[in-house]
Amino acid sequence: MGLRVEVRDASKRFGFKIAYDQVSFEADSGILAVIGPNGAGKTTLLKTLVGLYRPSKGLVKVEGVDVSSPLFDRLLSKIGYVPETPDLPAWPTPCELLETLARLEGIDSLDARRVAREAASLMGLDEDCETRIGRLSKGVRKRILIAQAFMRERELYVLDEPYAGLDPEWVSTFRNLLLERARAGATIVISSHILREVEDLADRILVLKTQVRFVGSMQELKAKLSPSKVAVIIVDRPEEALEYLRRLGYQAVIDSSKGKGAVVLKDPDKAFEAAGLLRDSGFVVREVRLHEMSLEEAYLALVGGEKH
């Protein structure tokens, strides 16, 4: 089973600046995705979960141990952490760094080299294993960070923008690795700006904008922002069609993100009725379909249109 994360009314201040405020949530096995606009407090919150920061107020516990307690150090070998920025020392090679980190985690010197090589191979670093880190690209350095986090089977993974800098092939490989560890029972807390990845990956979503705007499953998020489905009618002369439908009492808007000439009805049950009326009035209706709200649309609705 994964380590249980419990956050209760936690806040973090830096002087007069509030990073996050009155945050509460739990995570226990499975994948929790933390999303929010820049400056929402995501990175600070994730650093708190691994003990790099202490909350200014409130409680942050992992497996019942307060992150501010000296006892928290005993849990660190069970936690894999990937920071957002791949700031690594330039002089060692990836395998030298991984071997050193393995030994610092208490793996004896005979096994540390093997563990380091296996971790490097997991993230495709075999050809770069003897190259100084300072000569490697940002994407390769990010894979080194992921390799150290997954060097052992952890019970908690805290991953801050782990996809940033990864090539598409490694995005897919990393996704499969996360799903594999989640199926094995690990707790995974991940932040990402790639909302499509998060939507396909996460069991639960936490939307953060200094405070928690939502925490729950994707289905619960859509229910909260009901209706989660709308009707899309692709029609010629969309502005005239919109005016005509509104005169008849339909709630509709034009949304070019759903296609050229897209008129969107908030009530999907009235889609074919509205399309029939448009045809009878001389409009050319090219398509009628139902559209289910995406995570990005739900996210923008919650954070007031701010980009992530």
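We did not get these values from a lab; they are worked out from the coordinates using the rules stated. No experiment lies behind these values; they were computed from the predicted model shown. FYI the Cβ positions are ideal-geometry reconstructions off the backbone, even for glycines, and counts take in every protein chain you see.
Tabulated results
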read-out: Per-residue HN-Hα couplings for segment 103-113 [Karplus 6.51, -1.76, 1.60; θ = phi - 60°; Hz; x = Gly/Pro]; value: 5, 5, 7, x, 6, 5, 4, 5, 8, 4, 5
read-out: Highest-MSF residue in the chain out of Glu240, Glu118, Glu26 [GNM, Cα springs under 10 Å]; value: Glu240
read-out: Viscosity 0.890 mPa s, 25 °C: Kirkwood-radius Stokes-Einstein D of segment 229-292 over Cα pairs, µm²/s; value: 222 µm²/s
read-out: Whichever lysines have a C-alpha closer than 28 Å to that of Lys260, once near sequence neighbours (fewer than 8 apart) are set aside; value: Lys222, Lys229, Lys270, Lys307
read-out: Among Gly36, Gly51, Gly139: highest mean-square fluctuation, GNM of the chain, C-alpha pairs under 10 Å; value: Gly139
read-out: Ranked list, fewest to most other Cβ atoms within 10 Å of each Cβ, for Thr131, Thr93; value: Thr131, Thr93
read-out: Only Lys, Arg (+1) and Asp, Glu (-1) charged, at Cβ; segment 229-292 dipole about Cα centre in debye; value: 80 debye
read-out: Fewest-first ranking of Leu49, Leu290, using other Cβ atoms within 10 Å as the exposure measure; value: Leu290, Leu49
read-out: Alpha-carbon Debye profile of the chain, log10 I(q)/I(0) at 0.10, 0.12, 0.14, 0.15 Å⁻¹; value: -0.66, -0.85, -1.03, -1.12
read-out: Kirkwood Rh in Å, taken over segment 141-289 so that all alpha-carbon pairs contribute; value: 18.7 Å
read-out: Rounded D (µm²/s) - segment 1-101, Kirkwood Rh over Cα pairs, Stokes-Einstein at 10 °C, 1.306 mPa s; value: 106 µm²/s
read-out: Residue with peak Gaussian network fluctuation, the chain [Cα springs, cutoff 10 Å], from Thr173, Thr43, Thr187; value: Thr173
read-out: Between helix 168-183 and the chain: long-axis angle, C-alpha atoms, 0 to 90°, nearest 10; value: 80 degrees
read-out: Net dipole in debye of the chain [+1 Lys, Arg Cβ; -1 Asp, Glu Cβ; about Cα centre; nearest 20]; value: 680 debye
read-out: Protection-proxy order for peptides 232-239, 272-279, 188-195, each taking the mean of Cβ atoms within 10 Å per residue, highest first; value: 188-195, 232-239, 272-279
read-out: Residues Glu105, Glu99, Glu84, Glu243 arranged by fewest to most Cβ contacts within 10 Å; value: Glu243, Glu105, Glu84, Glu99
read-out: Distance between segment 64-79 and segment 257-308 - C-alpha centres, whole angstrom; value: 49 Å
read-out: Degrees between helix 238-247 axis and first principal axis of the chain (Cα, 0 to 90, nearest 10); value: 70 degrees
read-out: For segment 64-188, projected area of the alpha-carbon convex hull averaged over all directions, nm²; value: 7.9 nm²
